[in-house]
Structures are given as structure tokens and as C-alpha cells.
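Worksheet for the structure shown next.
The values are calculated or read from the model by the stated rules, or taken from the named source; none is laboratory data. All of these numbers come straight from a predicted model, not from anything done at the bench. No Cβ is skipped: glycine too gets one built from the backbone with ideal geometry, and neighbour counts run over all protein chains shown.
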Ligand SMILES: [Zn+2]
């Protein structure tokens with residue numbers, strides 16, 4: 001008993017000393033589940049140059065571990081978004097420089113949601129709509145894949161709109177009883193016309209009026225982290241605009257496939273949609 005307490009002591013001292021009060025990077029909440037985030041200490045990589053890490057074919061955020069709870073374990077940490085399609089029974093493989101890292105994912109059950117959509121084309125799009133949607137998807141994917149390297153100190157977001165969180169991330173979705181893709185973001189219900197703000201510093205990398213998403217903005221926050229705002233009424237920014245946390249980017253609307261005014265907010269890490277809740281400072 002006594003021995004195990006003594007053995008645990010250095011770890012506790014480490015946590016106290018390197019705890020959040022001294023942190024130079026504020027990390028998101030880790031959740032090794034489908035739609036979650038894995039924070040992987042890149043043990044053994046002593047290089048001074050930021051290692052380049054890859055997971056499922058996408059480049060992954062790597063930051064210095066300095067000031068984080070992982071500082072004693074490794075010089076660098078990878079922060080990887082885990083896709084909703086990840087299987088718990090399969091070991092996940094992340095590569096950094098020439099080293100392989102493996103991690104497991106815990107299963108997570110997401111609830112089902114049934115929605116009734118009045119505009120039938122938003123449930124069964126015609127061939128022209130499908131063509132349009134494919135073009136739009138390619139444009140959005142290009143934005144998700146943008147790689148920029150600003151000095152990222154806070155991998156955390158403020159809520160981009162004020163209102164109840166009406167639909168969580170990950171819901172299995174049925175539109176007019178037909179199964180569709182799971183909910184890739186977090187919905188915030190707010191009155192038509194209320195402000196939407198940039199939840200962190202970033203650069204506007206895409207705006208558009210999209211078939212399903214309506215009036216949309218994508219912001220790049222660097223290192224493969226992007227955030228997207230859909231169904232907006234007005235868009236108050238342009239591609240290339242540099243945003244500081246808190247700046248208004250537009251207003252709440254009900255454009256695209258919606259049942260009423262709300263903000264659909266999605267967050268992408270390494271071209272993978274993950275639960276935005278994990279980035280909110282509790
Ligand atoms: Zn939504």
C-alpha cells in the first residue's frame with residue numbers, strides 16, 4: 001500500500017507542476033470514441049522540427065507538449081479527430097515522421113433523430129441537385145484540407161451563438177423516415193437575425209450558398225482545424241478575412257435543409273468532423 005502511494009507521488013507532482021495553470025497551449029477535451037479526439041504523445045521523437053503526422057490519409061495537428069500534462073512523456077503531441085465511422089474493434093494507426101503509434105477507440109452509441117422536411121427535394125434531390133451538391137462537397141472538402149500553421153495557443157472555442165443546444169453531434173438521422181448521414185455538427189437554436197461570432201481567431205476560407213447547408217462560412221484556425229457555420233441569413237465576411245475571436249461573421253437564418261432558424265456548427269480536425277462540444281471551455 002505504502003509503496004504504491006510513493007510510486008504514484010512523482011506522477012501527482014508532475015500533474016500539479018505542469019497543470020493547466022502553467023499551460024502554454026490549451027487543449028480540447030480528449031475522447032477516444034467515434035466522432036471524438038485522441039491526444040497522442042509522440043514518444044521518442046526528439047526532433048526540433050515539428051513532426052508531420054498522418055491518420056487515415058489526412059495530415060494531423062501536431063503541437064509542442066510544453067505546458068501540457070503530456071510534457072514529461074514527449075516533446076510533441078498529435079491531436080487527431082476520429083471519424084464517426086471508426087470501429088472500436090480495430091486498432092487505430094497514426095504515423096508521425098517514420099514512427100507508428102497505435103491507439104484504441106471505445107464504442108459510442110449515438111441516438112436517432114427523426115425530422116420532417118417540407119421541401120421534398122432536400123430529401124430526394126433530383127439529378128441536377130445531386131450534381132450541384134457534389135460540386136459543393138468538393139469545394140468544402142478542399143477547405144477542410146487547407147493546411148496553415150499559425151501560432152495556435154488555444155485549441156478551444158467560444159460558443160458561436162447564444163441559444164439552447166438543440167441537436168447534438170452524431171445523431172443517426174432520418175429525414176421523412178429515410179436514413180441519411182449522421183448529424184455532423186451541433187445545432188444552436190436562436191431567433192432569426194441574431195448574431196453569429198467567430199469562436200476563435202482564424203481566416204475565412206470559404207463562403208457560399210449551398211444546397212443542403214444554405215448560406216455557409218468555413219473558417220480555418222490552423223493545423224487542420226476548421227469550423228463551419230450553416231443555414232445563415234446574412235454572411236458578413238469574405239474569403240481571406242482575418243478574424244479575431246468574438247467578431248460577428250453573420251446572422252442566424254433558415255437557409256438550406258432546415259426545419260426552423262438555427263445555426264448548424266461543425267468542427268473539422270484532419271478533414272474529420274468531430275463533436276464541437278469537446279472544444280468548449282466548460
Ligand atoms: Zn445541424
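Miscellaneous remarks
- Annotation note: of 94, 152, the sole residue that is at pLDDT below 95 and buried (at least 17 other Cβ atoms within 10 Å of the Cβ) is 152.
- Test set (1) surrounded by 15 or more Cβ atoms within 10 Å (Cβ to Cβ); (2) in contact (Cβ under 8 Å) with a residue 60 or more places away in the chain; (3) under 21 Å from the mean Cα position of the chain (by Cα); (4) not in a strand (DSSP E or B) - residue 125 fails condition number: (3)
- Extreme residue, modelled with the lowest pLDDT, among residues of the stretch 260-276 that are within 14 Å of the ligand (Cβ to nearest atom) and not in a strand (DSSP E or B): 260
- Sole exception among (1) modelled with pLDDT of 95 or more; (2) in contact with a strand residue (DSSP E or B) (Cβ under 9 Å, 6 or more places away or on another chain); (3) not assigned by TED's automatic domain parsing to the domain that holds residue 231 for residue 142, by number: (3)
- Taken over the stretch 214-226, the criterion of being within 15 Å of the ligand (Cβ to nearest atom) and surrounded by fewer than 24 Cβ atoms within 10 Å (Cβ to Cβ) is satisfied by 214, 215.
- Evaluation of residue 205 against the conditions (1) away from the ligand (no atom under 16 Å from the Cβ); (2) surrounded by 17 or more Cβ atoms within 10 Å (Cβ to Cβ); (3) assigned to a loop (DSSP other than H, G, I, E, B) shows that the sole unmet condition is (3).
- Listed by position, the strands (runs of 3 or more DSSP E) inside the stretch 143-193 whose residues that are more than 11 Å from the ligand (Cβ to nearest atom) number at least 1 are 172-175, 178-180.
- Test: residue in the stretch 227-236 that is at positive phi, free of Cβ contacts under 8 Å to residues at least 40 places away in the same chain and either loosely packed, with under 14 Cβ neighbours inside 10 Å or away from the ligand (no atom under 16 Å from the Cβ) (or both): no
- One residue stands out in the stretch 1-45 among those that are at pLDDT below 90 and assigned to a loop (DSSP other than H, G, I, E, B): the one that is nearest to the chain's Cα centre (by Cα), namely 25.
- Across the stretch 95-106, the number of residues qualifying as over 23 Å from residue 182 (Cβ atoms) and either part of a strand (DSSP E or B) or assigned by TED's automatic domain parsing to the domain that holds residue 183 (or both) comes to 6.
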